[in-house]
């Protein structure tokens, strides 16, 4: 489906919302399918019940250039995560659930205030466990005139069923592709990461296509894939890049990150308790070039 015009999104989203509620009632919002009764006070594998919880909302100037632009990305950090990365740099938010319960109306107010502050987009960070409440907030915001692109900033471990409900409502998917092999996903608490993420990214690409920017270089729609290079190839980067080149698009925009450092539980895990070395990262950059993946961003390596 093509992107739905902003002035039509609220009405269409309202029609889809009951299906998303049904999925969350016996929770299957992500591939874990924990089936917890979150509306009845049970916590999902994400550690959350039904309440919408927000950690922060602000203009962010440190995202990819096409998202941050001049004015910043309107970033809203949602509490909780459907993954449990041992090295998570945001673990107080994602795993210790730092945040404030909010109504959908209050979350919508954040979106509209960020638009007033000239945010280039509304950047929903870790939306997966709270997709239903977020959609409720977006409906309110669209009704009140939200007209900037919506970014679904997720870990890549997504439900195809949920993504299909969001079809046409999400302008930009900013998705991780963390691992190129299922067995490596145990570092994030799951044993089928690549299998599920590969299906999800194909759906994201189907919905939004390759990245499109406006005349000022600001993202309007499309898919951006983030890949964090881990020490000792704990991310199977070669398999990730081959998948992206062969099954997503040669034109896909990749944010290849060298910023790994041991945090949370990784500080005591052999192989993950050090930063990425220059040579490790350089090998992945070289492979990107060999595969013809020319779009995106690379980062410096500290040593």
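The values are calculated or read from the model by the stated rules, or taken from the named source; none is laboratory data. Small disclaimer: the values here were computed from a predicted structure and weren't measured. Cβ coordinates were reconstructed from backbone atoms using ideal geometry, including for glycine residues, and neighbour counts include every protein chain displayed.
Filter segment 181-215 down to the residues that are free of Cβ contacts under 8 Å to residues at least 12 places away in the same chain and part of a loop (DSSP other than H, G, I, E, B) and list them by number.
Residues satisfying the conditions are 191, 214, 215.
Out of all the residues in segment 32-85, which are under 16 Å from the mean Cα position of the chain (by Cα), buried (at least 21 other Cβ atoms within 10 Å of the Cβ) and part of a loop (DSSP other than H, G, I, E, B)?
Result: 46, 63, 79, 80, 81, 82, 83, 85.
Which of (1) over 15 Å from the mean Cα position of the chain (by Cα); (2) more than 22 Å from residue 241 (Cβ to Cβ) does residue 190 not meet, given it meets every other one?
(2)
Could you go through segment 133-140 and let me know if any residue there is more than 22 Å from residue 8 (Cβ to Cβ) and in contact with a strand residue (DSSP E or B) (Cβ under 6 Å, 6 or more places away or on another chain). Step through it out loud before you land on a result.
Step one: list which residues in segment 133-140 are more than 22 Å from residue 8 (Cβ to Cβ), which gives none.
Checked against the condition, which is being more than 22 Å from residue 8 (Cβ to Cβ) and in contact with a strand residue (DSSP E or B) (Cβ under 6 Å, 6 or more places away or on another chain), segment 133-140 yields no hits at all.
Given the residues 159, 221, which is the only one that is surrounded by fewer than 22 Cβ atoms within 10 Å (Cβ to Cβ) and at pLDDT 95 or above? If you could, list the steps in order and put the result at the bottom.
Numbers: 159 fails: surrounded by fewer than 22 Cβ atoms within 10 Å (Cβ to Cβ).
Result: 221 is the single residue among 159, 221 that is surrounded by fewer than 22 Cβ atoms within 10 Å (Cβ to Cβ) and at pLDDT 95 or above.
Kindly evaluate residue 89 against the criterion of being modelled with pLDDT under 95 and out of contact with any strand residue (DSSP E or B) (no Cβ under 6 Å at 6 or more places or on another chain). Show your work before the answer.
Values: modelled with pLDDT under 95: yes; out of contact with any strand residue (DSSP E or B) (no Cβ under 6 Å at 6 or more places or on another chain): yes.
When the stated conditions are applied, residue 89 passes them.
Condition first: in a loop (DSSP other than H, G, I, E, B), touching a strand residue (DSSP E or B) at 6+ places or on another chain (Cβ under 8 Å) and either without any contact (Cβ under 8 Å) to a residue 24 or more places away in the chain or over 26 Å from residue 45 (Cβ atoms) (or both). Now tell me which residues in segment 92-121 satisfy that. If you could, list the steps in order and put the result at the bottom.
Of segment 92-121, the ones in a loop (DSSP other than H, G, I, E, B) are 95-99, 103, 117-121.
Remaining after also requiring touching a strand residue (DSSP E or B) at 6+ places or on another chain (Cβ under 8 Å): 97-99, 103, 117, 119-121.
The answer is 117, 119, 120, 121.
Closer than 25 Å to residue 10 by Cβ, crowded, with 23+ Cβ neighbours inside 10 Å and in contact with a strand residue (DSSP E or B) (Cβ under 9 Å, 6 or more places away or on another chain): is that true of residue 197 in this structure? First the steps, then the outcome.
Working: closer than 25 Å to residue 10 by Cβ: no; crowded, with 23+ Cβ neighbours inside 10 Å: yes; in contact with a strand residue (DSSP E or B) (Cβ under 9 Å, 6 or more places away or on another chain): yes.
Criteria not met by residue 197.
So for segment 154-161 (the condition being assigned to a helix (DSSP H, G or I) and either out of contact with any helix residue (DSSP H, G or I) (no Cβ under 7 Å at 6 or more places or on another chain) or within 14 Å of residue 197 (Cα to Cα) (or both)), does at least one residue qualify?
Looking only at segment 154-161, we keep the residues that are assigned to a helix (DSSP H, G or I), and these are 160-161.
This time we only want the ones that are either out of contact with any helix residue (DSSP H, G or I) (no Cβ under 7 Å at 6 or more places or on another chain) or within 14 Å of residue 197 (Cα to Cα) (or both), so: 160-161.
Yes: one or more hits.
Restricting to segment 239-283, give me the number of residues that are within 22 Å of residue 224 (Cα to Cα) and either surrounded by fewer than 18 Cβ atoms within 10 Å (Cβ to Cβ) or within 22 Å of the chain's Cα centre (by Cα) (or both).
First, the residues of segment 239-283 that are within 22 Å of residue 224 (Cα to Cα): 239-260, 281-283.
Now restrict to residues that are either surrounded by fewer than 18 Cβ atoms within 10 Å (Cβ to Cβ) or within 22 Å of the chain's Cα centre (by Cα) (or both): 239-260, 282-283.
Going through segment 239-283 one residue at a time, the tally reaches 24.
Which residue, of 235, 255, is outside any strand (DSSP E or B), at pLDDT 95 or above and closer than 19 Å to residue 155 by Cα?
Values: 255 fails: outside any strand (DSSP E or B).
Among 235, 255, only 235 is outside any strand (DSSP E or B), at pLDDT 95 or above and closer than 19 Å to residue 155 by Cα.
For segment 118-154, give me the residue count where each residue is over 28 Å from residue 70 (Cβ atoms) and under 18 Å from the mean Cα position of the chain (by Cα).
7
Out of 16, 22, I need the residue that is free of Cβ contacts under 8 Å to residues at least 24 places away in the same chain, more than 21 Å from residue 176 (Cα to Cα) and not in a loop (DSSP other than H, G, I, E, B). Which one? Walk me through it before giving the result.
On the way: 16 fails: free of Cβ contacts under 8 Å to residues at least 24 places away in the same chain.
Going through 16, 22 in turn, the sole match is 22.
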